[in-house]
Amino acid sequence: MMAASNDQAKAPARVLLVTGAYFPEISSGGLQCQAVARHLGARARFSVLTTATDAALAAHETVDGVEVSRVYVNVDSRASKARAFLTLLRELLRRVPRIDAVHLQGFSRKNILIAAIAKLFGRPTVLSLQTAGHDEPQTVAAQGQLAAWAFGSHDMYLSVSPRLRDQYLHAGLPPDRIRLVPNGVDVQRFTPAAADVRATLRRRLGLPLDRPIVLFVGMFSRDKQPRTLFDAWLGLQRDPALASTLLFVGATQSAYYEIDPQLAPAMRADAERAAVADRLVFVDPTHQVHDYFRAADIFSLPSAREGLPIALLEAMASGLPSVASMLPGSTDTIVEDGVDGLLVPPGDVNALASALSVLLRDPAMGALMGARARETVLQRYGVGPVADAWVDAYAAVLGERS
């Protein structure tokens, strides 16, 4: 009997991952879950419960050996939201009794229901704090007492950045329940490209060969500040020595409220007026985003707020020099200014333009920064240590500390 008990204790934890989106829809939380699941293999038995805005996606399917259930919701329809709530409730009642723990990727109002169902069945919960301005106790408390209760009810918190951890601690929440676990990157997928490979990729992707490419990856939201990057880049195009292509990869239109659908058309119009429309490229969200990183010369993250930006880590893993907003407790914990990238004040068009011009004028310095950036990711932000930290967290909340 004792041997059987030991075998049972060593069985991989059955964990329900709850995300805002999952493959084939694209989100940083969903992609992180997919990467960790792929890395861990049999060390944890994951299933996924996610929302979806694409009604054509299957409600249930298996992705990379992981059972995925999707709750469709039209965010513009109250009736659809009501149906989604009932579907989510049904899925939770079906799934939670069959798993050992629940791991939520970021906070949203659906966490109230999920936390309540987990408590009903006595299942521990882990909450990953991912997004500055959203996954912070003060922001959640403004949503009401139930939201505040749900946020404070978890058995373990995994903060991707020191800023989010500090916000948690400043709220007086239990310090022994939070761990600093950064986002991780697949360093085999995001890897530097030699010059000939870069040229081949550009031909295949329909990108110009004769100008440097400045890359942005992310949704077109006010917080991501793509307009700040555009204005900085546009001002540089008057100097022939700084002529370059600005490549935006990300959603410019979406049902999600964060995205501002007016941003991209306004940029196109301004580029037309400046006679540089041929240097401005927009690409929809893609699962082949690593090809665009490998085809680019410089990456820019002009955001006003971030948790620990995965796109920046992917750029650094790809050997790109980056110009990023200096966000305390976030980007400044990743990038050492002037060593493996450049940091500028958020929203400062002139500072961003100046930093971009430095890299455009001195490709050799940019290449050195990119090589150092790759080393930074290899040393600190591989997906392997992140996966190990998730497993350790599950063991802790399940009372299996080694």
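All of the numbers you see were taken from the coordinates with simple rules; none came from a lab. Bear in mind that the values here come from a model prediction, so they are computed numbers and not experimental data. Because the Cβ atoms are built from the backbone with ideal geometry, glycine has one as well, and the counts that use them run over all protein chains shown.
The antiparallel fraction among DSSP beta bridges confined to segment 129-277 stands at about 10%. Evaluated with a Cβ-only charge set (Lys, Arg +1; Asp, Glu -1), segment 195-380 carries a dipole of roughly 380 debye about its Cα centre, given to the nearest 20.
Projecting the Cα atoms of Phe85, Ile114, Val126 onto the dipole axis of segment 71-154, where Lys and Arg carry +1 and Asp and Glu carry -1 at the beta carbon, places Phe85 farthest toward the positive end. With each label modelled as a point 7 angstrom along the Cα→C-beta vector, the Asp278-Ala55 pair spans 4.3 nm.
Gain in length, Arg38 to Glu67, computed as 0.36 nm per residue apart minus the alpha-carbon separation, to one decimal in nm?
Working: separation 29, 0.36 × 29 = 10.44 nm, distance 1.29 nm.
Stretched out fully, the Arg38 to Glu67 stretch lengthens by 9.2 nm.
Once you have the Cα-Cα distance between Glu258 and Val391, take 0.36 nm times their residue separation minus that, and quote the gain in nm to one decimal.
Working: separation 133, 0.36 × 133 = 47.88 nm, distance 3.19 nm.
Separation in residues times 0.36 nm, less the Cα-Cα distance, equals 44.7 nm.
Between the residues Thr245, Ala353, Ser322, the greatest Cα displacement towards the positive end of the dipole of segment 195-380, with unit charges on the Cβ of Lys, Arg, Asp and Glu, is found for Thr245. Helix 78-95 and the long axis of the chain differ in direction by around 50°, with both axes built from C-alpha atoms.
How much net charge surrounds Ala266 when only the other residues with a Cβ under 14 Å from the Cβ of Ala266 are counted, with Lys and Arg +1 and Asp and Glu -1? The answer is 0. Counting only Cα atoms, the chain measures 75, 47, 42 Å along its principal axes, largest extent leading.
Summarising the strand pairing of the chain, around 10 percent of its internal DSSP beta bridges are antiparallel. Across segment 338-367, the residues whose backbone nitrogen lies under 17 Å from the label position 7 Å along the beta-carbon direction of Asp270 are 346-357. Using only the Cα atoms of segment 195-380, build the gyration tensor, take square roots of its eigenvalues as a ≥ b ≥ c, and label the shape rounded, prolate or oblate: rounded if a/c is under 1.5, else prolate if a/b is larger than b/c, else oblate. Rounded is the answer for segment 195-380, as its axis ratio a/c remains below 1.5. Helix content alone sets the calculated 222 nm mean residue ellipticity of the chain: runs of n ≥ 4 DSSP H residues at -39500 (n - 2.57) each, divided across all residues, give -12500 deg cm²/dmol.
Give the angle, between 0 and 90 degrees and rounded to the nearest 10, that separates the Cα long axis of helix 263-273 from the longest principal axis of the Cα atoms of the chain. Its long axis makes an angle of about 10 degrees. Extending 7 Å from Cα along the Cβ direction at Ala141 and again at Ser153 yields two label points whose distance is 1.9 nm.
Over the residues of segment 1-155, compute the C-alpha Rg and express it relative to 2.2 N^0.38 Å.
Segment 1-155 yields a ratio of 1.07.
Multiply the residue gap between Thr333 and Ala304 by 0.36 nm, knock off their C-alpha separation, and tell me the result in nm, one decimal place.
Values: separation 29, 0.36 × 29 = 10.44 nm, distance 1.56 nm.
Gain on extension, Thr333 to Ala304, equals 8.9 nm.
What is the sum of charges, Lys and Arg at +1 and Asp and Glu at -1, for the other residues whose Cβ falls under 15 Å from the Cβ of Tyr157? Net of charged neighbours comes to -2.
Once the Cα atoms are used to define both axes, helix 28-40 deviates from the longest principal axis of the chain by about 70 degrees.
If the only charges are +1 at each Lys and Arg Cβ and -1 at each Asp and Glu Cβ, what is the size of the charge dipole of segment 109-250 around the Cα centre, to the nearest 20 debye?
With Lys and Arg at +1 and Asp and Glu at -1, about 360 debye.
Within segment 327-402, none of the GluC sites (Glu not before Pro) combine a DSSP coil assignment with at most 12 other C-beta atoms in a 10 angstrom radius. Annotation for Asp196 and Val358: the two label points, set 7 Å from Cα along the Cα-Cβ direction, are 3.4 nm apart.
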